[in-house]
Every structure is written in C-alpha cells, then in structure tokens.
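Beneath this line is the structure, given in structure tokens, with notes to follow.
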Amino acid sequence: MFNKSIFYIILLMFIGGTATAHAQLALSLDECVRIALNENPTIKIQEMEITRTDYSRKETIGQLLPSVNLAGQYTRNLSLQTMYMDTDAGTMAIKMGSDNTHSGGLSASIPLVVPQLWKSIKLSENQILQNVEAARANKLSLVNQVEKAYYALLLAQDSKRVIEENHATAQLNADIFKKKFDLGAASEYDVLRANVAVTNLEPSILEAENSINALKLQLKLLMGMDVRNDFEASQQLSDFRGEMYARVLSNTLGSDTALNNNTSLKALDLQTDYLKKVLDVQKMAWYPTLTGSANLMWHSMSNGSPVSGFRWSRASSLGLTLAFPIFQGGQRYYKQKQAEIAVEEMKWQRENLERGLHVQVETQNDVIAKSLKQIETNEGGVRQAEKANEIMQQSFKIGAASFIQLRDTEDALMAARLAYYQAIYNYLVAESDLEYVLGNTRYVR
C-alpha cells in the first residue's frame, strides 16, 4: 500500500524545488503513476471540464425556474400627440398625453409546459457522463504511458549495467594483456585486439546513458515534475519477474477479457445515448408550449418638472401563452431525420470498434504468452552462457583457449542477459497495453 505521507512529502519536494536544488529521489512504478495522476496538467484540465459541464447543466435547469425582472422607464414628450375632432362649431384640436411619463415594476414569466427543454436537461446530464468517461480515458492513457516509459527506463538501466559489466571485463583483459606485452608474454596483436574490444563497447554505454536521460525527461513531463529535479528508479526489471505468473493467471491469460470497461466503447455508448436524446429533443419540437406570465407596474404622468407632481397608479396582470408549432418550412422534420441517421451510424461504428478491440486483445494475449515462453528460454540461455563463460575463463587461464574464444563467450553472455531483460520488457509492455484496452488497471476505476 502506498504511504500517503511519503507521497505528499514527495509532491512538496517537487513543487518547492528550486534551480539549485536537485533532489535524488528513488521512485517506484506505483509512486510515479500516482504522482502523474495527481500532478499531470491534462488530468487537472479534464477535472475542471467536468465541473464546467456541471455548471452548464445547472444553467439549463435554471431555464425551468421563474424569470423575474425589475424595470423602470422615463419618457419626456417633446411634443404631445394632437387629436382632431369635427364638431358643429368646427374642428377641435385636442392635445393628448403629458410632458413626463414614469413607469416601473416587476415582470415574471415561468415555463409551464416545455417538452423540448425538459429533454434538453437530459442532454446536459449525458455530457457530464461523457466528460467523466473522458477523464477516465485520460487517466488510463496516462497510466499506460507512465508504465511503458518506466519499463523502458528500467530496460535502459539494466542494459547499461550489463554492457558496463562486459566493458569492465574487457578492460581487465586489456590491462592484463598490456602487462603481458610489457613482459614479453603477449603479442602486440593481442593488446590491440583487447583494446578494440573495450572501445567497441563504449558507444553502446553512451547510447544507453542518452536513452536513460531522455526517458527520465519523458517521465518528468508525464508526472508534471520540474525538469531541474532528478530521480532514480528504485526497481529493476527482474523485480517484476516474481509477480508475472500470478498477474497473468488473474488478469490476462484467464477468462476476464471482456470489454465492459473499455473506455472507447463506453465513450461510444454514451455518445450514442446522447444522440438518442437529441432525437427526443427534436421530436419534442412538435409539441405545444405553455408559458405563464405576471406583471405588476406603477405609472405616473405629469407636466412640467420631471421630478415633481407625481401621480402614481398601479396596474397588474396575469397571463398564459399557449403556442402550437404549425409550420416551419420542414425544419423540424429534416432535423429529426438527421438525428435518426446519426443514431443508426453509431451502431455500425460500435460494431467495427468492438471487432478491432477484440483483435487487440487477442494480439496482446499472444504477445504475453510468447514473452513468457521467451523469458523461460532466455533464463536457460543466461545460465548456459554463464556456465560456458566460467569454463572458458578457466581454459583461458591455463592456456587452453584463445582470447578470441574468451571474448566470444563474454559477448554471448552479454547478449543472453540483454535478451532476457528485453523479453521481460516485452511482457510488461504487452500487459500494460492489454490493461489499457480492457480498462482494468489497478490505478483507475
């Protein structure tokens, strides 16, 4: 179980690191993954997106609540309207209105029957579920990337160590031949041959060092870690050897290869559900709507100064508005047809996606099975190479074997060890990829 106190101490060291502080931390795979899940910016952005969508859902729900407005208005009539009336005495001109008009009050409206809006709320709820699944997909992808980068780092470190051991042996042989040459017991060819063996290994060591540095930078980026801080991997590939068979029997080579937790299928199902709800929204456009309204207003009309002589009167009203959509140029019909086709398309997309995912599962299971056999074979090869190297060393000491034969066995031992670590790496990467496809990683639920 991951110690939370140690975890947060590590986080504080990462966050509070300065340009002059280079903390040498030893991190396991579990620690790297958990730091990445807490500190990677893409994960934080996705969590914020979930919150934003929830606010959008609440905004939609707010459309079902009453809308209340307080308004006021003042009008100054520069010239009054004139009305003419014909009488027996002649035509009379009557001025209507007043210089100043004040009005203010409250108005409220509430949607009572709005089928299309009711269905739109379901759309917002589905969008939240899609964002939650997108966040889960990002976490699964991040875990997969961190695991493979960490395994690659371990492979580079183990390979560097094996090559350095071979380099140290070659250097020792070169030193021995140099001393023998000084004593006249070895030829110059033997000295040159031994020095060439040393030189040939040095580019491989440099290449391994470059790979280690590049993989560390990649892991720092995935973990959201300051590149000025440094860390060391606390594990080796051989540390995962003992857990392999138990994990294979429980997770990979067993019967639990269902795609129920696959994030791509879940996202597609949610998207299909969303399109079905869009279709429902389009169907609701054919239904009538009923809206209630209420008004409470005060009016005042006066002549002369706009700030005196107020004569207020109150007016209030209640109303209902019933709207029947009759004809909109066929827009509703064609929108509905588009939504129906979109839903039908998703069925074919899901079938194609599911078929491709089954192929991925079978492929990764095949790689895992072959990698396990390869590991067993390479273990035997390493033991045989070690035994052959011991025999050749003894033969070389008594003069029964040449330097070339000795170097051949040493190179064979190095190749066997490198192949063994490569097989473990292949297995671990295939297992990580399979967990990603199945969505069954232990870090994300």
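General remarks:
- Helix 29-39 vs. the chain, principal-axis angle (Cα, 0 to 90°, nearest 10): 20
- Relative contact order of region 87-220, defined on C-alpha pairs under 8 angstrom at six or more residues apart (%): 29
- Reachable aspartates and glutamates, given that their alpha-carbon falls under 13 Å from the alpha-carbon of K370 and they are not under 8 places away in the same chain: E362, E431
- Computed magnitude of the charge dipole of the chain (debye, nearest 20; Cβ of K, R +1, Cβ of D, E -1): 1760
- Pairwise centroid distance, computed over Cα atoms, of region 280-324 with region 377-445, Å: 85
- Among beta bridges that DSSP assigns inside the chain, antiparallel share in %, nearest 5: 90
- Gap separating the Cα centres of region 104-167 and region 337-363, nearest whole Å: 21
- Computed over region 324-445: relative contact order in percent, which uses C-alpha pairs under 8 Å that are six or more apart: 35
- Region 22-87 shape via C-alpha gyration tensor axes, a/c threshold 1.5: prolate
- Once C-alpha pairs closer than 8 Å and six or more residues apart are averaged by separation and normalised to the residue number of the chain, the relative contact order reads 23 percent.
- When the C-alpha to C-alpha distance is required to be over 32 Å, the pairs from K58/K139; K160/K180; K220/K347; K148/K397; K283/K347; K44/K277 that qualify are K220/K347; K148/K397.
- Count Lys and Arg as plus one, Asp and Glu as minus one, and take only other residues whose Cβ is under 13 Å from that of E165; the net charge is then -2.
- Label corresponding to Cα extents along the principal axes in Å when calculated from the structure given, among (i) 70, 50, 42; (ii) 75, 43, 43; (iii) 152, 52, 39: (iii)
Just so you know, all these numbers are worked out from the coordinates, no wet-lab data involved. All of these numbers come straight from a predicted model, not from anything done at the bench. Note that each Cβ is placed from the backbone with ideal geometry, even for glycine, and that neighbours are counted across all protein chains shown.
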